[in-house]
Structure formats: structure tokens, C-alpha cells
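*Asks:* Sharing a structure here in C-alpha cells format.
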Amino acid sequence: MTKQILRINMSDLSAKYTPVPKKWARWAGRGLTSAIIVDEVDPTCHPLGPNNKLVIAPGWVSGSPAAPSSGRTSFGGKSPLTGGIKEANSGGLSSQKIAKLGLAAIILEGMPKDGKWYSIFINKEGVQFEDASDLMGKGMYEIDTLMWEKYPNKPAVIGIGPVGEMKLSNAGISVNDPENEPGRYAGRGGLGAVMGARGVKVMVVDDKGGPGVEIANKELFTEGRKKLTAAIGEHDLTKKDGGLWNFGTNVLMNIINEAGGLPTRNFSAGQFEGAAKISGEAVVENIEARGGVGVKHHACHPGCIIQCSSIYPHEDGTPFVSVIEYETSWALGANCGIDDIEYIAHATRECNDIGLDTIEAGNTIAIAMDAGYIEFGDKEGALKTFDEIRNGTPLGRVLGQGVEATAKAFGVYRVPTVKGQSMPAYEPRAIKGIGVTYATTAMGADHTSGYTIAPEIAGVGGKVDPLTDTDKASLSLTFQAATAFIDSSGYCLFIAFPILDIAEGWAGMAESIAGVTGLDITGDDVIDIGKEVLKMERLFNEAAGFTSADDRLPEFMRNEELPPHNVKWTMADEDLDQVYAWVHE
Amino acid sequence: MQNHKINVAIYGKLARISGGRHLAIMDLEMPSSAHLGDLLDQLEIPIDETSYIFLDAVLCDVPGLTITHDEPLKDGSHVGIFSQGYMWPYQYRDGMPMSPALTAAMKKYGVMRHTYTGLKTED
């Protein structure tokens with residue numbers, strides 16, 4: 001069966017299915033969201049206006065049987081936070097269910113002429129629109145519960161909280177997990193506001209009776225997925241009892257802190273004295289001690305064998321929140337000078353409920369602290385900011401716009417952003433390589449834009465010296481291209497670890513994609529295909545008005561030394577400009 | 001000669017050495033002539049169970065490359081010792097300060113690997 005594009009037009013409440021056109025047939029996931037945005041969205045349009053679109057796409061292997069850890073959904077649009085193209089992806093139930101309905105992508109466009117809000121239900125029979133008036137103002141915990149009560153078959157629930165309703169630039173898009181909790185977010189870049197601007201509060205996807213995913217070459221797919229599964233199970237980072245298995249992504253807290261690269265108190269230091277208290281080790285100790293519903297190894301989508309998620313319980317063992325990621329614990333904790341994991345769990349739940357990206361939210365509170373509006377370390381003051389945002393007070397609406405807007409409102413100079421998006425949990429003055437990726441990716445400062453893959457496979461083995469500044473720039477491009485490819489696959493980005501170190505895993509990834517799609521893709525094609533995606537995104541941003549001046553880290557990082565290493569950002573602008581020079585060659 | 005005061009944090013399974021479950025932090029004294037290796041010996045830490053080791057925010061060891069044990073300890077030094085099973089993806093350590101011994105070893109065995117466990121290295 002030919003895959004379909006489902007185009008939902010909110011201007012006339014219509015839904016239209018069309019076969020995937022030839023020009024998009026190669027793409028899935030991030031590659032497809034970006035291809036559609038480039039083709040159909042005016043780069044100069046207002047992100048909240050009628051000419052922007054929200055594109056939702058599962059990856060190449062999403063929904064295929066037994067492809068390991070393959071439940072990522074890509075969301076794309078023009079970002080209200082950055083003003084450029086954006087792809088943010090999420091775990092949860094949506095990717096596999098959309099794919100099993102035979103859909104390559106859902107394009108959400110237009111705006112309701114009546115100004116009303118709608119919920120959308122999608123199943124094998126088609127699309128239903130319903131008045132969502134009774135859902136307005138509700139948080140995602142209640143929305144997810146209501147949708148599972150209303151609809152059978154445990155559907156995927158894609159929704160926005162009050163922040164998305166207010167169309168604020170730090171609005172994320174929530175996807176429910178197998179327990180119907182809203183902790184899976186396409187968080188970065190404000191795409192929840194783009195969904196809100198379409199007048200859509202929630203989309204529910206039920207795949208029961210759908211056509212499923214056709215496998216073009218079952219033998220090749222099976223061979224590939226087995227190799228990849230074996231590599232994930234073998235590698236130190238992804239195997240059972242490995243780093244992600246034991247402590248989740250928050251395994252990084254103590255390591256980055258020991259290294260002096262943990263941004264602390266709004267990027268004014270590289271070590272936080274309370275890091276151990278908010279680390280993965282502390283989270284796991286509490287889960288083990290509290291019992292109840294606490295779970296140390298949790299899959300955010302069916303079929304995930306890495307299981308880096310967890311369920312954090314209250315002291316009495318009742319449900320509290322899932323999941324406290326490293327970047328979440330850092331942003332709401334270390335970067336605000338707060339070492340209380342119970343506060344972080346509470347703040348994470350607030351973000352999940354009202355629909356905030358936790359990284360941008362924590363960084364925004366840190367800006368308010370740097371301005372003296374709240375003291376660093378004041379967790380009660382920090383929690384009040386979520387009430388301000390939820391209630392839509394004037395202050396809350398400023399805070400909900402993210403770091404740059406808040407910094408302007410409070411007159412703060414130390415603003416850790418690139419292209420309007422604030423930096424994640426890795427200090428670029430100490431970890432220079434990540435700084436190159438922050439500076440140059442089309443997405444704005446993003447730690448997931450440049451994952452390492454094997455230098456030999458990437459064609460850079462022996463050609464570059466990663467210990468020099470100049471070659472960090474050329475490596476960053478390779479990393480960004482590999483990431484764009486994996487983001488198109490539906491596989492979780494964490495498969496990057498085993499496919500870097502285990503050649504069979506790399507081959508298995510490519511073979512499984514080729515097996516599902518019938519595309520002639522091998523491991524040798526990964527970087528070139530990824531660069532095609534990067535080029536589309538770069539040219540969109542250039543048409544939107546971005547120049548090389550936007551590929552820079554903030555000025556304060558060149559002026560202020562970061563303890564304990566007492567280093568400044570010293571990367572030459574000319575080196576940064578080389579990362580994307582090839583686009584116009 | 002006066003002893004040096006050293007602060008040590010042990011993460012993961014090795015925390016058992018100091019009575020911890022996943023985390024142990026302690027203060028101790030070492031002779032002023034002591035090196036990192038001496039500290040590991042005094043704590044009776046099995047070297048085949050360590051992964052990342054930091055001395056004053058400088059990366060000294062990574063999983064599979066346990067080689068930097070001749071770095072001198074200073075008064076007030078902090079040492080962070082991670083058990084095996086920890087992760088630190090290359091893209092998140094690209095550019096961090098490393099000890100001279102580790103820098104040389106990585107140039108030999110490949111800078112960009114996520115882990116070096118199982119890698120055949122020469123003594």
C-alpha cells in the first residue's frame with residue numbers, strides 16, 4: 001500500500017489523503033518534515049500566522065515489527081522561538097500509530113475561521129473534528145486521562161497545555177507514553193504554539209485496523225534489525241546494566257560536573273556543589289528506597305530496548321513524574337542553584353502539565369534569578385513562576401516566551417542563546433566541540449543536533465585531529481549530518497552509541513532502513529543523505545533572513561571566564577563559517 | 001612533611017567501598033608526595049572496575065584506558081572516580097581538558113570512541 005499524506009486544513013475543517021508525491025518519497029521523520037516545510041512554508045511568514053504549518057512525521061522504520069527503539073516522531077514548522085526552521089522529536093505512542101495507519105506525514109495547516117478550538121480524532125476510518133471548548137485551560141495530565149476515557153484502544157494523544165493555548169514561544173508538544181503520562185515532549189522551539197495557532201488543542205491517533213507498515217525486503221530488514229539489536233545489547237552504554245539502563249540520561253550529571261562543564265547559576269560557573277543531589281544516582285536511590293510505582297528502567301515507547309526512562313515516585317510510592325532527564329534536572333536545578341530533587345520532580349511535572357520545554361523553562365528562571373527577581377536557590381520562588389505562566393499573568397506571559405524575551409524584560413546581559421534558543425546542559429567554553437554545533441545548527445542551541453558517529457565511516461578517520469579547534473568545525477558538520485539521518489529514521493538517537501563503536505550495528509541500521517523502505521541506502525550514504533537535510537534547513541533559514549552573524553555564541557562567553565578551568569570561548573568566526581560553506585559551493 | 005587534604009567522590013557500584021549504594025563522598029589525607037595512583041591503592045579500588053577518573057576537573061581515565069596514575073595530588077585536590085557502566089558520549093566531552101597521558105593514549109587509540117572497553121591496547 002502506498003503511504004499517504006494526511007492534510008488537515010483547519011480553515012475549512014477538511015481532511016484530504018493523497019499518496020506521497022515523488023519529491024518527498026525518499027524522506028521520513030526529520031527529512032520529511034523539513035522537506036515539506038521548505039516546499040510549503042514561506043520562510044518570511046509569521047510563525048503564528050496562517051502561512052505556517054505543523055508537520056508530523058514518523059521515521060523510516062517506525063511501526064515496523066521489532067525494529068528496536070524506533071518510536072520517535074518528528075514535528076516540524078517555522079519556530080516562534082528562533083524564527084527559523086525547526087524539527088523537534090519525541091518518544092511516546094504517536095510514531096508507531098501514525099505509521100501503522102499508513103501515513104507518512106500529517107500536515108496541519110490553516111486556522112479556524114470561527115476562532116474556535118478543536119480536537120481531532122484520526123483512525124482508519126478518517127478524521128473527525130470536535131469542539132474542544134470543554135478542554136481549554138486543562139493541563140496535559142487531565143487531557144491524556146480524558147482522551148483515554150473517551151476513546152478505545154489506548155490511542156496516541158498529541159496535545160498542548162495552556163502555554164500552547166496562549167501561543168507562547170516556549171510551548172512544547174506533548175505525546176503520551178505507554179502509561180498515558182505526558183512526559184514525552186517535542187519540546188524545543190515552541191512548536192506547541194504553532195499547533196495552538198492552528199486552533200488544535202489535541203490530536204488523538206488510533207491505529208487499530210490500520211494497514212500497518214509494509215516491509216519491502218523482509219530478509220534484509222530482519223538481518224539489519226538483528227544486527228542493530230545485538231549492537232545495542234552489547235554496547236556498554238546501551239546494554240542492560242549499562243549507563244543509560246542504570247541511571248537514565250541523568251547519568252551525565254556527575255560526570256559533566258566533575259569535568260567542569262556543568263553550566264551553573266545562569267552559565268556563570270562550570271561546577272555546581274549540589275550536583276550529586278540532583279543526579280541520576282540520587283534519583284535511583286530514591287526510587288529503590290520508595291518502591292511503589294517507582295521504575296528504574298522504563299520504555300518511553302513500545303519496543304524500546306534501551307529503556308533510559310524511569311518513573312519517579314513520591315515518598316509514599318505513589319506516582320510523581322516521568323521522566324527526570326539530565327537536561328531537565330540541570331536546567332531546573334544546577335542552572336538555578338537548586339539542589340533539591342523533590343523540587344525538580346515537582347517542577348518537571350509542572351512543565352509536563354502546562355506544556356513547557358524544561359530546558360528553556362529552567363534557563364528562563366535562571367535569567368530571572370540573575371536579574372535578582374528571584375534569588376538563586378529559591379525553589380519556592382521558582383515554583384511560583386509556573387503559576388504565573390499557567391494563569392497567563394503579564395509576567396507569566398513574558399516568562400513563557402523563554403530566555404531571550406525574559407532577559408530583555410529584566411535587562412540581563414548574560415543570555416545563553418543561539419538563534420533565540422537557549423543552550424542545554426553542556427558549557428561550550430569548557431566543551432568546545434558542542435559549542436560549534438550550538439553555533440551553527442539551523443535549530444538554535446541544541447545538544448541533540450550533533451551526535452558522534454564513527455570517524456572511519458564518516459570518512460574523516462585520519463583526516464582530522466579532533467584535538468584542534470579548526471577540525472572541531474569540520475567534525476561538527478559530520479556529526480550534524482549523521483544526526484539528521486538518524487532523526488529521519490524513527491530510531492532513537494541513542495543508537496548512535498553502539499553504531500559508533502560496533503561496525504555491525506552501523507550496517508544493521510542502514511540495512512533495516514533499506515529493508516523497510518526499499519530505498520538503496522547503505523552505511524556509506526548516511527552522511528550525504530544527512531547533508532541533504534541540513535542543506536534544506538540551512539537554505540530555509542537564509543531565506544528567512546539568517547546570516548553567518550547568527551552562527552555565533554553570545555558575546556559574554558568571549559568576555560567572561562568560566563571557572564574552574566577559567567576559559568573563554570575562543571573559536572575563530574572563520575572556523576565556524578566553514579561548517580556550512582559547502583552549501584553554496 | 002605535612003599531609004595533603006583530599007576530597008574524593010565515588011560514583012556507582014564502587015561506592016560500596018565507602019559504604020555508599022550509588023554515591024560516596026569522603027575527605028582523607030595523603031602524603032604530600034602522593035599521586036593519583038597512590039590514592040586508588042589506599043582506597044583499595046580495583047582498577048578493572050573504574051571508568052572515568054577526574055583530578056581537579058581534568059579527565060585522567062576513560063573506560064578501557066586506565067592509564068593516568070602518576071599525576072601528583074595537591075592540597076585541596078578533588079578526585080572523582082566513576083565505576084564501570086558510565087557513559088560520556090564523545091560529543092559531550094569534545095574539547096574538555098585531559099591529562100597528558102590520556103591525550104597521548106587517545107591519539108593512539110582513537111579520540112572519538114564512546115567507550116574503549118574491550119579495545120585491544122598495548123600496555
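The values are calculated or read from the model by the stated rules, or taken from the named source; none is laboratory data. All values reported here derive from a predicted model rather than from experimental measurement. Positions of Cβ are backbone-derived with ideal geometry, glycine not excepted, and every protein chain shown enters the neighbour counts. Protein only, heavy atoms only, side chains kept; ligands, DNA and RNA dropped before computing areas. Shrake-Rupley method; radii C 1.70, N 1.55, O 1.52, S 1.80 Å.
*Asks:* For the stretch B:27-64, give me each residue that is modelled with pLDDT of 95 or more, within 14 Å of chain A (Cβ to nearest Cβ) and open to solvent by 30 Å² or more (accessible area, probe 1.4 Å).
*Replies:* Listed by number, the residues that qualify are B:D56, B:V58.
*Asks:* What are the residues in the stretch A:27-52 that are in contact with an Asp or Glu (Cβ under 9 Å, 6 or more places away or on another chain), within 16 Å of A:M536 (Cβ to Cβ) and not hydrophobic (A, V, I, L, M, F, W, C), if any?
*Replies:* Listed by number, the residues that qualify are A:G29, A:R30, A:G31, A:T33, A:S34, A:E40, A:P43.
*Asks:* Next up: Report every pair of residues separated by at least 6 positions or lying on different chains whose Cβ atoms are under 7 Å apart, first residue within the stretch A:484-508 and on the phi > 0 side of the Ramachandran plot, second in a loop (DSSP other than H, G, I, E, B) and polar (S, T, N, Q).
*Replies:* A:G490/A:S62; A:G490/A:S70
*Asks:* Kindly indicate whether A:S90 is of a type in the set (S, T, Y) and either open to solvent by 10 Å² or more (accessible area, probe 1.4 Å) or free of Cβ contacts under 8 Å to residues at least 40 places away in the same chain (or both).
*Replies:* On the way: of a type in the set (S, T, Y): yes; either open to solvent by 10 Å² or more (accessible area, probe 1.4 Å) or free of Cβ contacts under 8 Å to residues at least 40 places away in the same chain (or both): no.
So A:S90 fails the test.
*Asks:* Considering A:T2, A:T18, which residue is over 23 Å from the mean Cα position of the chain (by Cα), assigned to a loop (DSSP other than H, G, I, E, B), of a type outside the set (D, E) and more than 27 Å from A:A482 (Cβ to Cβ)?
*Replies:* Details: A:T18 fails: assigned to a loop (DSSP other than H, G, I, E, B).
Matching residue, one of A:T2, A:T18: A:T2.
*Asks:* Mind telling me which of the residues B:Y86, B:Y92, B:Y116 ends up being closer than 21 Å to A:I499 by Cα, free of Cβ contacts under 8 Å to residues at least 12 places away in the same chain and open to solvent by less than 10 Å² (accessible area, probe 1.4 Å)? Can you show your working first?
*Replies:* Working: B:Y86 fails: free of Cβ contacts under 8 Å to residues at least 12 places away in the same chain; B:Y116 fails: free of Cβ contacts under 8 Å to residues at least 12 places away in the same chain.
After applying the criteria, what remains is B:Y92.
*Asks:* What number of residues in the stretch A:553-565 are closer than 19 Å to A:T468 by Cα and surrounded by fewer than 19 Cβ atoms within 10 Å (Cβ to Cβ)?
*Replies:* Taking the stretch A:553-565 as the starting set, the residues that turn out to be closer than 19 Å to A:T468 by Cα are A:553, A:558, A:565.
Remaining after also requiring surrounded by fewer than 19 Cβ atoms within 10 Å (Cβ to Cβ): A:558.
Number satisfying all stated conditions: 1.
*Asks:* Ok, one more. Just give me the residues in the stretch A:143-161 being out of contact with any Asp or Glu (no Cβ under 8 Å at 6 or more places or on another chain) and in a helix (DSSP H, G or I), in sequence order.
*Replies:* A:I143, A:T145, A:L146, A:M147, A:W148, A:E149, A:K150
*Asks:* Show the residue pairs meeting these rules: Cβ distance below 7 Å; 6+ apart or different chains; first residue within the stretch A:547-567 and closer than 19 Å to A:P424 by Cβ and part of a helix (DSSP H, G or I); second residue modelled with pLDDT of 95 or more and open to solvent by 70 Å² or more (accessible area, probe 1.4 Å).
*Replies:* Hits for this filter: A:F556/A:Y413; A:M557/A:K568.
*Asks:* If you don't mind, there's one more thing I want to ask. Among the residues of the stretch A:225-260, how many are aliphatic (A, V, I, L, M) and touching a strand residue (DSSP E or B) at 6+ places or on another chain (Cβ under 8 Å)?
*Replies:* 2
*Asks:* A follow-up question, please. Could you list all residues from the stretch A:295-319 that are open to solvent by 20 Å² or more (accessible area, probe 1.4 Å) and in contact with a His (Cβ under 9 Å, 6 or more places away or on another chain)?
*Replies:* Listed by number, the residues that qualify are A:Q307, A:C308, A:I311.
*Asks:* Considering each residue of the stretch A:237-260, count those that are touching a helix residue (DSSP H, G or I) at 6+ places or on another chain (Cβ under 8 Å) and in contact (Cβ under 8 Å) with a residue 60 or more places away in the chain, and give that number. Break it down into steps so the answer makes sense when it comes.
*Replies:* We begin by selecting, within the stretch A:237-260, every residue touching a helix residue (DSSP H, G or I) at 6+ places or on another chain (Cβ under 8 Å); these are A:237-240, A:243-244, A:246-254, A:256-257.
Filter again for in contact (Cβ under 8 Å) with a residue 60 or more places away in the chain, leaving A:237-238, A:244, A:248-253, A:256-257.
Looking only at that region, the number is 11.
*Asks:* Are any residues in the stretch A:26-70 outside any loop (DSSP other than H, G, I, E, B) and hydroxyl-bearing (S, T, Y), and if so, which ones? Please lay out each step first, then the result.
*Replies:* Initially, the stretch A:26-70 is screened for residues outside any loop (DSSP other than H, G, I, E, B), giving A:29-40, A:54-58.
A:T33, A:S34, listed by residue number.
*Asks:* Quick check: is even one residue across the stretch A:265-285 among the β-branched types (V, I, T) and not in a helix (DSSP H, G or I)? Even if it seems obvious, please write down each step before you answer.
*Replies:* Our first condition is that a residue be among the β-branched types (V, I, T); within the stretch A:265-285, this holds for A:278, A:283-284.
Narrowing the set further to residues that are not in a helix (DSSP H, G or I) leaves none.
No.
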